[in-house]
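What follows is one structure encoded as structure tokens, with my remarks underneath.
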Amino acid sequence: MTIKTSYGDPARYITTLHVEEGCLHLPYTREILQRTKLPVQVIQQGRSPQIAGQYPNNLSSGKHHLLLAENRGTFFKPCPGTREYRCCDYQVLNIGMGCPMDCVYCILQAYLNNPWISFFVNIEDMFAEITQGLAAADDRFFRIGTGEFTDSLALDSLTGLSRHLVTFMGTQTRAVLELKTKSAVIENLRSLDHRGRTIVAWSLNSPPIMKAEEIRTASLEERLTAAGQCADWGYRLAFHFDPIIYHDGWQDGYRQTIRALFDKVPADRIAWISLGALRYLPSLKNIATDRFPRSRFFYEEFIDGLDGKCRYFRDQRVEMYKLIADELAKYTAAGTCVYFCMENDTIWQQVFGFCPGDRGGLGAMLDRTIID
């Protein structure tokens, strides 16, 4: 079954494929080139796609361009959390940079400095690095995600990476992979021998935010339909209410999303649900408001957080968290972990009545949901 989205497959926004000359010999590059019908431009090693204008003003046009490149850095590393807020001990698998979708609040607008989308094709190096990292960690269990610098599935119809990743992770006994998306591009996940080692996750929000601020993404109904299909294929699921954004009618909006979620998805298939209020680098505000002048949520009151990001005042965060957590509590299964992404112990105590340290730490809480 092919899931259609309101916009369609986000990969169709790509109009030009660029390939580093030194990557042409790689089997995975050849696999992608055989699949695509896009015009291909080969560029010399060390050169960049030529996108008119200066970043970030050329970001919209740059999203039409995908560069197949070699990752000369590290594929597999810890999530860059901060000491001031509770981190979940996630491990980031860097498969590329940028996304064809265009969320107004996306931190990558301020974090990256290239307008084009990059995708790494030296996947044999990637798998070797993961294998080495897992082998060197004794009995530690790893939760690995590809959604830190890109959407995990938005380009999957073009790249087919999920098939390679899910098959590889099915051979691992001390790790689980999370594929996080705002798309409904799931066809490549069908009929894979995932062995319970891949969790498919969706970012969710209030319907008005999804409609107005998440451009070229799947609708709520489409995301949840895709999630239900993945559950039927035997995958565990996860959901992320992040960023939670204050707006008129936010209470009803988030209640509506939560009720729709549990109408469509079996509660006992959900491994975890995260909550995280809007937070952003100060430089993001000018970039985003220039690109999306109709968006208004950046003009609410914010404070400077201990991590240097702008955040809602604590009382406002607690108010939003309590309402969403209380609504979730009506439906979640006993084994589902509901947690905060990058919040302090005070918030945990006020909303949940405990701190992660009381239960062995946030990483341990999440591990318990998936370790057989």
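Throughout, read-outs are computed from the coordinates displayed, never taken from laboratory work. On a predicted model such as this, the values are computed, not experimentally measured, just so you know. Here the Cβ positions follow ideal geometry from the backbone for every residue, glycine too, while neighbour counts run over all protein chains shown.
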* To do: Rounded to whole Hz and in sequence order, give me ³J(HN,Hα) for the stretch 176-182 from the Karplus expression 6.51 cos²θ - 1.76 cosθ + 1.60, θ = phi - 60°, writing x for Gly and Pro.
  => 9, 9, 10, 9, 10, 8, 10
* What number in nm² do you get for the stretch 297-372 if you take the convex hull of its Cα atoms and divide its surface by four? -> 6.2 nm²
* For residue 263, put the label point 7 Å out on the Cα→Cβ axis and report which residues of the stretch 203-220 keep their amide N under 18 Å from it. => 204-211, 219-220
* **Ranked 295, 191, 203, criterion: other C-beta atoms within 10 Å, fewest first** => 191, 295, 203
* **Alpha-carbon centroid distance for the pair the stretch 149-176 / the stretch 96-143, whole angstrom** => 11 Å
* Asked: Sorted by mean Cβ packing within 10 Å, highest first, what order do the peptides 41-49, 212-220, 256-264 take?
  -> 212-220, 256-264, 41-49
* **the stretch 10-368 - percent relative contact order, Cα under 8 Å, separation 6 or more** => 16 percent
* Going down the list 63/322; 182/322; 77/211; 37/77; 77/309, which pairs span over 28 Å between their C-alpha atoms? -> 63/322; 77/211; 37/77
* Would you mind estimating how fast the stretch 10-127 diffuses translationally, via Stokes-Einstein at 10 °C and 1.306 mPa s with the Kirkwood radius over Cα pairs, in µm²/s? => 102 µm²/s
* To do: Kindly write out, for the stretch 96-109 in residue order, the coupling ³J(HN,Hα) from the Karplus curve 6.51 cos²θ - 1.76 cosθ + 1.60 (θ = phi - 60°), rounded to whole Hz, with x marking Gly and Pro.
  => x, 9, x, 7, x, 6, 8, 7, 4, 8, 4, 5, 5, 4
* Could you tally the net charge around residue 57, taking each other residue with its Cβ under 10 Å from the Cβ of residue 57, Lys/Arg +1 and Asp/Glu -1? => 0
* Structure fact -> Cα gyration tensor of the stretch 84-195 diagonalised, 5x eigenvalues square-rooted, in angstrom largest first, produces semi-axes 23, 19, 13
* Structure fact -> For 37, 180, ascending order of other Cβ atoms within 10 Å (fewest first) is 37, 180
* Structure fact -> Quick calc of log₁₀ I(q)/I(0), the stretch 132-191, Debye, one scatterer on every Cα, no solvent, q values 0.18 1/Å, result -0.67
* Asked: Summing +1 for each Lys or Arg and -1 for each Asp or Glu, what net charge is found among the other residues whose Cβ lies under 10 Å from the Cβ of residue 178?
  -> +3
